[in-house]
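Sending over a structure as structure tokens; questions will come in a sec.
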Amino acid sequence: MELVITKEKEYRKIDWCWMIILISFVGFLVENIWNLLTSGQIDNRNMHLPFILGYGLAILGVYLLFGLPTDNKGLISLTNSSNTIFQYTTYVLLVTVFICISEIIIGYGVQYFSGVYYWDFSDVPLHITRYTSILTSVAYSITITLFMNYLFDSIMTWFSRFDDKAYKYVGIILITLLTIDLIVSFGAMIANNNHNLIWCIYM
């Protein structure tokens, strides 16, 4: 096993904007589905728009660092192995570590600046601090691995078919709005020392 530095595959920046937008929306849906199943409610997830930019940026980070599960195109890739099971297992482990570190940094960062416990995994078995757990991180990692292996390139290839100005302008406008929303929403949490709860629906 050898850790090497490699060059990632090239995708258009505008297609990355749309991938980030798509995954940010999926993240919003996933969190609310989980919220509905565990607490019987859905809410704005601290955002004004129905997107959680962190999910989209996480996919970007995973791709830049680790590439796809078997292509060795990320910044850090495992080579010298023709064993597919080994490749997948290592990818899952690397992404798990990435998720754990990211959740801890974000969780404690939000707590430091706003005094808010952004989320709490204290009741989840095998938790590491209140902000991450091995079980949830492995579950996220397996989901991401499956997505990156079976869907990611197909979606990016489909995005690449669009080359009109509307596609580019709408993508740029949306990614700008998501960024502004993230800044404004976290700003509200810091200013109010509380979650940015705008709406909540009990089901």
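The values are calculated or read from the model by the stated rules, or taken from the named source; none is laboratory data. Since the model is a prediction, treat every value here as computed from it, not as a measurement. With ideal geometry, Cβ positions are generated from the backbone for all residues, glycine too; neighbour counts draw on all protein chains shown. We work out accessible area using only protein heavy atoms, side chains counted, and drop any ligands, DNA or RNA first. Shrake-Rupley method; radii C 1.70, N 1.55, O 1.52, S 1.80 Å.
Could you compute the net charge surrounding residue 172? Neighbours are other residues with a C-beta less than 11 Å from the C-beta of residue 172; K and R count +1, D and E count -1.
Value of the local net charge: +3.
Just the number please: accessible area per residue for the chain, 1.4 Å probe, all protein chains included, in Å². Each step should come with its number before you reach the end.
On the way: 11640 Å² over 203 residues.
For the chain, the solvent-accessible area averages 57 Å² per residue.
Looking at the chain as a GNM with Cα springs under 10 Å, which of 91, 108, 167 has the largest mean-square fluctuation?
Of 91, 108, 167, the most mobile in the Gaussian network model is 167.
Scanning the chain for helices, which whole DSSP H stretches are 18 Å or more long along the axis (Cα) and average 0.0 or more by Kyte-Doolittle?
Numbers: long enough: 13-39 (38 Å, 1.21); 53-66 (20 Å, 2.04); 84-114 (44 Å, 1.34); 134-150 (24 Å, 1.29); 165-192 (40 Å, 1.44).
In the chain, the long hydrophobic H runs are 13-39, 53-66, 84-114, 134-150, 165-192.
Tell me, what is the Rg over Rh of segment 97-157, with Rh the Kirkwood radius over Cα pairs?
1.11
How large, in percent, is the carbon and sulfur part of the accessible surface of the chain at a probe radius of 1.4 Å?
Details: 8080 of 11640 Å².
About 69 percent, which is the carbon plus sulfur part of the accessible surface.
Here's something else I'd like to know. Which of the aspartates and glutamates could be linked to residue 168 by a straight reach, that is with a Cα gap under 18 Å, when you skip same-chain ones fewer than 8 residues away?
10, 15
Going by amide H atoms built from the backbone, whose H comes under 5 Å of the H on residue 73, apart from near neighbours?
Residues meeting the amide H criterion: 68.
In the chain, how does Rg compare with the Kirkwood Rh, expressed as the Rg/Rh ratio over alpha carbon atoms?
Value, to two decimals: 0.98.
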